[in-house]
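Below: one structure, written as structure tokens.
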Amino acid sequence: MVRAPRSTAGRSQVQNVLFLYFTISKNNSYYYGSTNNLQKRLKEHNNGETKATRYKRPWKLVYFEEYKTLSEARKREYQVKTKKRKSYVKWLIDNKK
């Protein structure tokens, strides 16, 4: 089960949380990325504001991990992207606690 994103409203800059996230499209394509605002980023994907995801809308958030720094989130994103396997992504989603 995937946790719902926690609201970031009222957090100070010191407590900024960064996310690695996976979305899935209507035709079961995955997109992975990192952001500091999950709701805003998902909205951008679904509004066609992201070139890479524009033609496979709508997108649904299916997985995320929280990180304290952008470099940690990007490092993890790179690890996932180098796997290049849907089976690994599905395994992560199915085993998220």
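Within region 16-94, all pairs of alpha-carbon atoms sorted by distance into 10 Å bins from zero give the percentages 19, 51, 29, 1.
Within region 14-73, the GluC sites (Glu not before Pro) that combine a DSSP coil assignment with at most 14 other C-beta atoms in a 10 angstrom radius are E49. Legend: ranking of residues W91, W59 from fewest to most surrounding C-beta atoms inside 10 Å; resulting order W91, W59.
Here the Karplus curve 6.51 cos²θ - 1.76 cosθ + 1.60, taken at θ = phi - 60°, turns the phi angles of region 87-96 into couplings of 4, 5, 4, 4, 4, 4, 4, 5, 9, 5 Hz, with x standing for Gly and Pro.
From least to most packed, judged by other beta carbons within 10 angstrom and beginning with the fewest, K84, K96 follow the order K84, K96. Neighbour counts of other Cβ atoms within 10 Å put R74, R54 in the fewest-to-most order R54, R74.
With K and R counted +1 and D and E -1, the other residues having a Cβ less than 14 Å from that of K84 yield a net charge of +4. By the rule of a C-alpha distance below 24 Å, with chain neighbours fewer than 8 residues away ignored, the lysines paired with K86 are K26, K43, K51, K56, K60, K75, K96, K97.
Just so you know, all these numbers are worked out from the coordinates, no wet-lab data involved. It should be emphasised that the depicted structure is a prediction, and the values quoted were computed from it without experimental measurement. Glycine also receives a Cβ, built like all others from the backbone with ideal geometry; neighbour counts cover every protein chain displayed.
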